[in-house]
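The numbers here are math on the coordinates, done by the rules we state, and not lab data. Being a predicted model, the structure only gives us computed values, none of them experimental. Glycine gets a Cβ as well: all are built from the backbone with ideal geometry, and neighbour counts include every protein chain shown.
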Amino acid sequence: MTVIKILKVGGSVLTDKTRLESARIETIERIAAEIARCGTGLVLVHGAGSFGHIHAKEYGLAESFSPEGILETHRSVVRLNDLVVERLRRAGSSPVPVHPLSCTVLRGGRIEAMETEQVVEMVDRGLVPVLHGDVAMDRSKGAGIVSGDQLVAHLARSLLPGIVALGTAADGVLFNGEPLAEVRREDLSRIGSELGASAGVDVTGGMRGKLEELLDLADEGVSSVIFNAERAGLVERVLAGKRAGTLVEGRRI
Ligand code: IPE
């Protein structure tokens, strides 16, 4: 059986979050090359950055139901997904797009149901499923945003991966400007006030939102790592199971 590795690369890495739909093509190509060298078993999730966050905010998707907002936000993240998929293909991987809008239902902003059987079949056949933060139907409020971080946590619960890694634009979870080697829930009150928001427009919670997803996961026994995907070589390193950035672990017992 293939060991599954779940990697999320944040929108702050792949795009310039302050400029509408501005992809960092060189970074995407460099990460695609690192991924192509990592072998099989990968499930990739990417953030939206300036594809999606800006539309979601413009249409007030977090607060109100907007048919136009759903379509425009989804189409925008799909444009980034298409860029990522194409660069992965050119680098030698066999990517396939998986759009959460089409296989996920939320309730109150949280995933209530998500089909993942197709993802397992894809991985078993040597394909790289490429999911992304997206807009999705929400049973309590019509539509909402599902972040890549929430998708990672959900996928990890159903796929039981060997590696869960979140590539961000920071060296990990920073405290006094330095990345922590590891973080657990009991550390949160000490470091809480330092957890900065993301640069540019972000509707899904920046580093704090990320950490909350990963601490819940860690408490259920799945550790993960938050590392800097802007540093060349680190994607390849974490996918090889080596240390980088901050390890998010379960409570001390
Ligand atoms: C957000 O996804 C999705 C939309 C706004 C449509 P993420 O929350 O995973 O994106 P990044 O990584 O913060 O850009």
Using the Kyte-Doolittle scale, which helices in the chain average at least -1.0 and also have C-alpha atoms spread 24 Å or more along the helix axis, with helices defined as whole DSSP H runs? 67-91
What distance in nm separates the simple spin-label points at residue 65 and residue 188, each placed 7 Å from Cα in the Cβ direction? 3.2 nm
What's the local net charge at residue 30, with K and R +1, D and E -1, over the other residues with C-beta under 13 Å away? 0
Okay, helix-only estimate at 222 nm for the chain: each DSSP H run of n ≥ 4 adds -39500 (n - 2.57), divide by all residues, round to 500 deg cm²/dmol; what do you get? -10500 deg cm²/dmol
Please list, by residue number, every one of the chymotrypsin sites (Phe, Trp or Tyr not before Pro) in the range 1-72 that is coil in DSSP and has at most 16 other beta-carbon atoms within 10 Å. 65
Local charge sum around residue 164 (other residues, Cβ-Cβ under 13 Å, Lys/Arg +1, Asp/Glu -1)? -1
Per the 1/(1 + (r/R0)^6) rule, R0 = 25 Å and r from the Cβ atoms of residue 253 and residue 29, FRET efficiency to 0.05 is 0.05
Identify, among 118, 27, 192, the residue whose Cα sits farthest towards the positive end of the charge dipole of the chain, taking +1 on the Cβ of Lys and Arg and -1 on the Cβ of Asp and Glu, with the dipole about the Cα centre. 27
Lysine pair count for the chain [Cα-Cα under 18 Å; pairs on different chains or 8 or more apart]: 8
Can you compute the charge dipole magnitude of the range 95-234 about its Cα centre, using +1 on each Lys and Arg Cβ and -1 on each Asp and Glu Cβ, nothing else charged? Give it in debye, rounded to the nearest 20. 220 debye
What one gets for the chain as the Kirkwood radius, inverse of mean 1/r over different Cα pairs in Å, is 17.9 Å
What is the diffusion coefficient of the range 36-92 in µm²/s, taking the Kirkwood radius over Cα pairs and the Stokes-Einstein relation at 4 °C with a viscosity of 1.567 mPa s? 101 µm²/s
Please compute the net charge surrounding residue 229, taking Lys and Arg as +1 and Asp and Glu as -1 over other residues with Cβ under 10 Å from its Cβ. +1
